[in-house]
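The values are calculated or read from the model by the stated rules, or taken from the named source; none is laboratory data. None of the values given here were measured: they were computed from a predicted structure. No Cβ is skipped: glycine too gets one built from the backbone with ideal geometry, and neighbour counts run over all protein chains shown. Surface areas here come from the heavy atoms of the whole protein model, side chains and all, with no ligands, DNA or RNA. Shrake-Rupley method; radii C 1.70, N 1.55, O 1.52, S 1.80 Å.
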Amino acid sequence: MKFLQHKRLEELDDGLPALKHWSLRFLDEDWDDRYRAALREGNLSGLRAAMWIAVALNSIFVPQDIFFYPENGEAIALIRGLGMNGLILLLLGLSYVKYWYTRWPGLLMILAVSYTTFQAFANVYGNHHQPVDQGFILMIFIIYALLPFFYIQAVNAALICSAIFLTITIWGGWPHGDPAQVAYATLLIIASNIVGFVALRRMEFLRRRGYATGEIVERERERVRDLLDRILPASVAKRLRDGETRVVEELADVTVMFADVEGFTTMASQCAPEETLDILSGTFERFDRLVAQHGVEKIKTIGDAYMVAAGAPKGSGCDAKEIAALALDMMTSIEDLRRPDGTPLHIRIGIARGPIIAGVVGESRFLYDLWGDAVNTASRMETTGEANRIQVTAEVVEALQALYDFEPRGEVEVKGKGRMPTWWLTGPKMQAAAAE
């Protein structure tokens, strides 16, 4: 028992699921069920191939029977050629019946036992009184190595066939058989089973470990895909998975939005780290849900700044109106949020529109980012804005004036651009709201 426990621990060291020592079944039943299901589905085609090979080999032996056993060769060849081949073809036909899709090992067992019985009676009927021939030794190795049995089923099939063959040939050949030859032949069959068992056990061990490795690799690959889809737009992640090493595109009309928690730096310095994290996480989780609802693309967060775009990446069906609706919903979503001191939480939002360049930055840590004047201007709209207000540029007003109401703010000093007129987005027009 201690040996078995030690063996199981050794098999867990490499991160793969542990196997039972003798049966080589997975200790975890879910793993074992998935493995057997995969093998059962994949081996159905192997079963059919094995039966076609059996028909071909069986037909090749027909001339041999006639040559080596001329007195009974024709009868044996007839049974082999018509009887056995007919049975194999019948079993092959049954393998296409839905009932046998998951019960095909039974067909294999019938095939192995039938062929063994035929071979044994052929030896006795052909006055070959020794309980062994090359054909049956070959049959043992075929059961262990070629027929798509499950591991334990292969062992059982080989042992059952060996017992049937020895029983028929010893009983049918007695007392003509030489006892020394009988003992030698019996030991040879036993030795063939031992060799076949050891080889099959090693093959089954490697096959199960290979299956487990493949499934774990596939799980990790799915995790990587999921991670890429979380940190990158879906279309960009797909391009990377398809082998592109540089993803960059120039987009003519993108609406960019920045949202920022007002006074966050001061609040963070006055709060415990856990409180700061809870406030920021709670706020951004609400924003994430709204982003998914409106179908726009979250680009990144930088500290307490939250960046979103509509119109990027290429092929995005969103535009400025989705960003405007999102911004208004974000304002509403934080109305019940409070700082640790109980005062309301406020955010500023800035929106700009124009051409940008988008692409993936980095190799070890991917980041989909945007560059261009519209990005810088959107950031300036947020930093020069006011609490719980949405400041936008003339390009945004031009695109949305039929759908939304705007309040002129006047000219604002914008770093890098000088003084420029800006507007406050106040809400949807009454007729547009009524139409919705």
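Things to note:
- Scanning the range 90-111 for residues that are buried (at least 21 other Cβ atoms within 10 Å of the Cβ) and under 20 Å from Thr169 (Cα atoms) returns a single hit, Leu111.
- Scanning the range 401-412 for residues that are free of Cβ contacts under 8 Å to residues at least 24 places away in the same chain and either within 18 Å of Thr255 (Cβ to Cβ) or in a helix (DSSP H, G or I) (or both) yields a count of 2.
Residues are listed down the side, and each one gets a yes or a no for (1) surrounded by 16 or more Cβ atoms within 10 Å (Cβ to Cβ); (2) aromatic (Phe, Trp, Tyr); (3) in a helix (DSSP H, G or I); (4) more than 17 Å from the chain's Cα centre (by Cα):
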| residue | (1), (2), (3), (4) |
| --- | --- |
| Leu166 | yes, no, yes, yes |
| Thr169 | yes, no, yes, yes |
| Thr186 | yes, no, yes, yes |
| Ile189 | yes, no, yes, yes |
| Ser192 | yes, no, yes, yes |
| Val198 | no, no, yes, yes |
| Arg207 | no, no, yes, yes |
| Ala212 | yes, no, yes, no |
| Glu218 | no, no, yes, no |
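- Residues within the range 370-393 that are exposed (fewer than 14 other Cβ atoms within 10 Å of the Cβ) and not acidic (Asp, Glu), tallied: 2
- Strands (runs of 3 or more DSSP E) wholly inside the range 303-400 containing at least 1 residues that are in contact with a Cys (Cβ under 7 Å, 6 or more places away or on another chain) and under 20 Å from Asp253 (Cα atoms): 305-310
- Test set (1) out of contact with any strand residue (DSSP E or B) (no Cβ under 9 Å at 6 or more places or on another chain); (2) within 13 Å of Ala259 (Cα to Cα); (3) among the basic types (Lys, Arg) - Arg339 fails condition number: (2)
- Within the range 244-270, considering residues that are among the polar types (S, T, N, Q) and in a helix (DSSP H, G or I), the one most open to solvent (accessible area, probe 1.4 Å): Gln270
- Number of the exception - Arg241 against (1) touching a residue at least 12 places away in the same chain (Cβ under 8 Å); (2) open to solvent by 20 Å² or more (accessible area, probe 1.4 Å); (3) within 30 Å of Met331 (Cβ to Cβ): (3)
- Taken over the range 313-366, the criterion of being of a type in the set (D, E, K, R), at pLDDT below 85, surrounded by fewer than 17 Cβ atoms within 10 Å (Cβ to Cβ) and farther than 30 Å from Lys417 by Cβ is satisfied by Arg338, Asp341, Glu363, Arg365.
- Beta carbons closer than 8 Å, at least 6 apart along the sequence or on distinct chains, pair a first residue in the range 413-428 that is acidic (Asp, Glu) with a second that is assigned to a strand (DSSP E or B) for Glu413/Arg419.
- One residue stands out in the range 278-302 among those that are in contact (Cβ under 8 Å) with a residue 12 or more places away in the chain, in a strand (DSSP E or B) and of a type outside the set (D, E, K, R): the one that is surrounded by the fewest Cβ atoms within 10 Å (Cβ to Cβ), namely Thr301.
- The single condition among (1) under 29 Å from Phe136 (Cβ atoms); (2) part of a helix (DSSP H, G or I); (3) at pLDDT below 90; (4) open to solvent by less than 80 Å² (accessible area, probe 1.4 Å) that Gln181 does not meet is (4).
- Number of residues in the range 13-27 that are open to solvent by 50 Å² or more (accessible area, probe 1.4 Å) and either more than 19 Å from the chain's Cα centre (by Cα) or among the hydrophobic types (A, V, I, L, M, F, W, C) (or both) equals 6.
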